[in-house]
Amino acid sequence: MQCNDKVNDGKNLSIIKIGEDLYGKQKKIRVLTLEELEGICKKAEHVNLVSFSDNVLESVHVFDLMIQFSKFLKLVGVVYEPISQPIYCFITPDNKYINIKICGQYSAWNIPESVAKIIQFADIPDIVICEFDKNFSPVVVIETTGTANVGNSQWQREGRKLGAVVSNTPILYQTFYSGTDRSQKVNEGQPREPTSLQVINHIIYSIRYKCPSFVIYFNNSEVDVRLGFNHSPTEGRSLIGNYLSLILLNSAFGTHKEDKVKFERSILKHMMAYLNDSVVKYGRSCLRIDNDLTVLTEKQRSLLLGKDLSLEDFVIKRVYDKSAKIESNCDILSWDFKNFVSWVPGNIEDKPLIKNLINQKIKLLSYKKGISKIGVCLDTAKLKQIIESKYNPNKITLASLDTSLPTLIFPGRIWKGKKKIESGDPESGELYAFKELFTLDLDGRKTMNLLLYIFVEPPREFQYKEFIAKNTKLTRSFKHNADLIIVNDEVQESHDN
């Protein structure tokens, strides 16, 4: 960092030089003293914010995007008193100020109740920016990644996103177009891409919770080129830098709503463009969405691909008009089970319940061809009978399975390896993702049961009551998402969800 001329007053702050470009010259950041910042604030209207984060660098990374790309906020300087708690000072086009103090490492602070509600819902997000007032009202939640979320890491952060939107706080999720799946050793170095469901779930959250929920992709040039793509190195970064600035401006001063809506539309187009990418799978070319979700009706597909502006318009309407009703012509969750295919759950020898259902000729459906994580049973009454006769020795009530609804079956393994180490990933996040995608309508009403079937034998000393009493991201996910849980081939006591 380079220290420039000292600040004597607030008159000429907008001319401070900052970064030239994304990969260019060293940024010149003015170092302010706390006394100088206080002098600025005495002379002009300002708002103070706090950025709680996993660590200081998480917030610094995001603020760098505002410094480099924002058309709406310019950096005045940074106070490093102390260096572990920097305060960023930005100036608005009309010479007002936004100051943001970074409070890294959540555990080092007395977290206000409003922020605790978000971080304790499922799992701790990277960043929660909130107002510095008596309520610490949350302004935005940000989740960032250093590589693409592929393979087992695909859904790890889903609960964090929901923690934001259920608290009516916008969520910005930054990831990459491509990466390599480190969980698959045999495929080490093989390019992988996030599934289309990532985009679709974000659109669902925006509509269902009436709150902006966006995923923004960064290029990964070395891997992208191997997949035949040449993504812009600046598009995603510019979207985050500008949109975050507009969220802060709108929250702080009630300004720039039109600009904010404009960028929200740009982000939705950015997301839908990902669904429209042509990909080559098994020697044939198809749209990404057609490879990842093969059961869409033509209406669903047309909406999600943005063939007209109806879905984009409806997302914006739903976010800004809390009384807006679900419009039937924009219902992206109107599933037609006639389009679903037979479920291929992988090896069924280690999944006795699935094997029983197949042997009983009970039809099990899937949202995509080939092996898939979850299956759908349309005949919940027969499913219930089999569970009652073979998997319910303690005669626990099965009333939580509504026989008038289909049932989503989620096979999970929460103990890994020979030592049976308990792991919350990927199951904790996957449960949120698939529940939100398939078992609720756009208003959040239940349309399907969710049966969580843990098919891996637990450790010898395992006691379910002790396990579920723990407050972990895994148990929070179980309680929130599952209607019925089977562990060790036995139905477990129900819980409120």
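The values are calculated or read from the model by the stated rules, or taken from the named source; none is laboratory data. These numbers were taken from a predicted model, which means no experiment stands behind them. We place every Cβ from the backbone using ideal geometry, glycine too, and count neighbours over all the protein chains shown. When the accessible area is computed, the model is the full protein with side chains, heavy atoms only, and any ligands, DNA or RNA have been set aside. Shrake-Rupley method; radii C 1.70, N 1.55, O 1.52, S 1.80 Å.
A few points about this structure:
- Matching residues in the stretch 89-103 - criterion: being closer than 15 Å to GLU38 by Cβ and of a type outside the set (Lys, Arg): CYS89, TYR97, ASN99
- In the stretch 64-95, the residues that are closer than 21 Å to TRP109 by Cα, touching a Lys or Arg at 6+ places or on another chain (Cβ under 6 Å) and crowded, with 23+ Cβ neighbours inside 10 Å: none
- The residues on offer are PHE467, PHE462, and the sole one that is of a type in the set (Phe, Trp, Tyr) and assigned to a loop (DSSP other than H, G, I, E, B) is PHE462.
- The lone exception for THR403 - which of (1) under 29 Å from ILE289 (Cβ atoms); (2) of a type outside the set (A, V, I, L, M, F, W, C); (3) in contact with a Lys or Arg (Cβ under 8 Å, 6 or more places away or on another chain) it fails: (1)
- Residue match in the stretch 412-435 (condition: open to solvent by 70 Å² or more (accessible area, probe 1.4 Å), in contact (Cβ under 8 Å) with a residue 12 or more places away in the chain, within 25 Å of ASN347 (Cβ to Cβ) and touching a Phe, Trp or Tyr at 6+ places or on another chain (Cβ under 8 Å)): yes
- Selection status of SER232, in contact (Cβ under 8 Å) with a residue 12 or more places away in the chain, under 22 Å from LYS71 (Cα atoms) and in contact with a strand residue (DSSP E or B) (Cβ under 7 Å, 6 or more places away or on another chain): no
- Subset of the stretch 338-359 (residues that are farther than 18 Å from LEU451 by Cβ and assigned to a helix (DSSP H, G or I)): LYS338, ASN339
- Looking only at the stretch 278-300, and only at residues there that are over 15 Å from LYS369 (Cβ atoms) and modelled with pLDDT of 90 or more, the one that is most open to solvent (accessible area, probe 1.4 Å): GLU298
- Some residue of the stretch 367-381 being assigned to a loop (DSSP other than H, G, I, E, B), closer than 16 Å to GLU490 by Cα, at pLDDT below 95 and of a type outside the set (Gly, Ala, Ser): no
- Exactly one residue out of ASN110, ASN99 is closer than 20 Å to ILE67 by Cβ, more than 25 Å from the chain's Cα centre (by Cα), surrounded by fewer than 22 Cβ atoms within 10 Å (Cβ to Cβ) and not β-branched (Val, Ile, Thr), and it is ASN99.
- The condition (being over 16 Å from the mean Cα position of the chain (by Cα) and farther than 30 Å from ASP224 by Cα) is satisfied by just one residue among PHE63, PHE69, PHE136: PHE136.
- Every residue from the stretch 398-447 that is of a type in the set (Val, Ile, Thr) and at pLDDT below 95: ILE414, ILE421
- Every pair of residues 6+ apart whose Cβ atoms lie under 6 Å, when the first sits in the stretch 117-140 and is more than 10 Å from LYS161 (Cα to Cα) and free of Cβ contacts under 8 Å to residues at least 40 places away in the same chain while the second is open to solvent by less than 10 Å² (accessible area, probe 1.4 Å) and hydroxyl-bearing (Ser, Thr, Tyr): PRO138/THR169
- Subset of the stretch 74-85 [assigned to a loop (DSSP other than H, G, I, E, B) and touching a Gly at 6+ places or on another chain (Cβ under 9 Å)]: SER84, GLN85
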